[in-house]
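A quick write-up on the structure given underneath.
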Amino acid sequence: MEVAFSTSFRKSYKKRIESTNLEPLFWERLQLFIENPFNINLKTHKLSGKLRGAWSFSITYDLRVVFKFTKDSPKRAILIDIGNHDEVY
């Protein structure tokens with residue numbers, strides 16, 4: 001899996017995750033996602049409503065990453081947002 005970071009994701013990451021104790025866990029989970037986006041430990045699922053067409057995977061019980069698979073290749077994903085349930089949904 002090839003992953004890209006959107007500008008909005010970079011801003012959210014810097015604001016909510018960078019320099020916290022969750023940063024190492026984020027990188028571990030991202031590696032799992034790269035190896036297999038549907039790894040059972042990630043709890044990957046489709047979103048609905050205003051985020052229809054996007055997907056989410058879990059870093060912790062409440063910390064989520066919102067992403068979209070690109071239309072040109074199902075092996076590419078763009079990370080859109082990161083934060084707790086209320087922040088990203």
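Within the chain, what percent of beta bridges assigned by DSSP are antiparallel, to the nearest 5? Present the calculation step by step, with values, prior to reporting the outcome.
Numbers: 13 of 17 bridges.
Antiparallel bridges make up about 75 percent of those DSSP assigns within the chain.
Tell me, what is the percent relative contact order of the chain, built from C-alpha pairs under 8 Å that lie six or more residues apart? Present the calculation step by step, with values, prior to reporting the outcome.
Values: 135 pairs, mean separation 29.5, N = 89.
Relative CO of the chain lands at 33 percent.
Between residue 1 and residue 48, what is the spin-label point distance in nm, taking each point 7 Å from the Cα along the Cα→C-beta axis?
About 2.3 nm, to one decimal.
Using a Cα distance threshold of under 16 Å, what count of lysine pairs results for the chain when pairs must be 8 or more residues apart or interchain?
On the way: 43/68; 46/68; 46/71; 50/68.
Total qualifying Lys-Lys pairs in the chain comes to 4.
With N denoting the number of residues in the chain, provide Rg(C-alpha) divided by 2.2 N^0.38 Å, to two decimal places.
Details: Rg = 12.0 Å, N = 89, 2.2 N^0.38 = 12.1 Å.
Scaled against compact globular proteins, the figure is 0.99.
We did not get these values from a lab; they are worked out from the coordinates using the rules stated. Note that the structure is a prediction, hence the values are computed from the model and not measured. When we count neighbours, we look across all protein chains shown, and the Cβ atoms used for this are built from the backbone with ideal geometry, even at glycine.
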